[in-house]
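The values are calculated or read from the model by the stated rules, or taken from the named source; none is laboratory data. Treat the numbers as computed from the prediction; the structure is a model and nothing was measured. Neighbour counts are summed over all protein chains in view; Cβ atoms, including those assigned to glycine, are modelled from backbone coordinates with ideal geometry.
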Amino acid sequence: MIETRLYGKFRSLVPGSRATEDTILMVDYKEEESFEMFVKRLDIGVDDIGNCFINGKLVNNFTTISDGDRVALFPIGMQFFAKVSHIQRLNKHV
């Protein structure tokens, strides 16, 4: 299982979630799945993501997700670094 913590507008993926509480979505693990494939499975566009972390580390679209990982997704507008999303910057340099 993948523990997925959702922030901002991504909280809507969990019915009844509140901004004052952690919003966690448990997602089945798929072998050799990239971050990009994972978020597509959640019906989140990669261009909608401001920052993304796996186990506390910033990642890009090509990072492979492992069983038991903790993923955190922040939408555009909530990114921590610069005015351009982290994932957009990383993917341009890969």
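Things worth noting here:
- Some residue of the stretch 36-54 being more than 18 Å from Pro75 (Cβ to Cβ), in contact (Cβ under 8 Å) with a residue 12 or more places away in the chain and touching a strand residue (DSSP E or B) at 6+ places or on another chain (Cβ under 8 Å): no
- Qualifying residue in the stretch 71-91 (condition: modelled with pLDDT of 85 or more and on the phi > 0 side of the Ramachandran plot): no
- Exactly one residue out of Lys30, Lys57 is charged (D, E, K, R) and at pLDDT below 95: that is Lys57.
- Listed here are the strands (runs of 3 or more DSSP E) enclosed by the stretch 1-70 that have at least 2 residues being surrounded by fewer than 16 Cβ atoms within 10 Å (Cβ to Cβ): 24-27.
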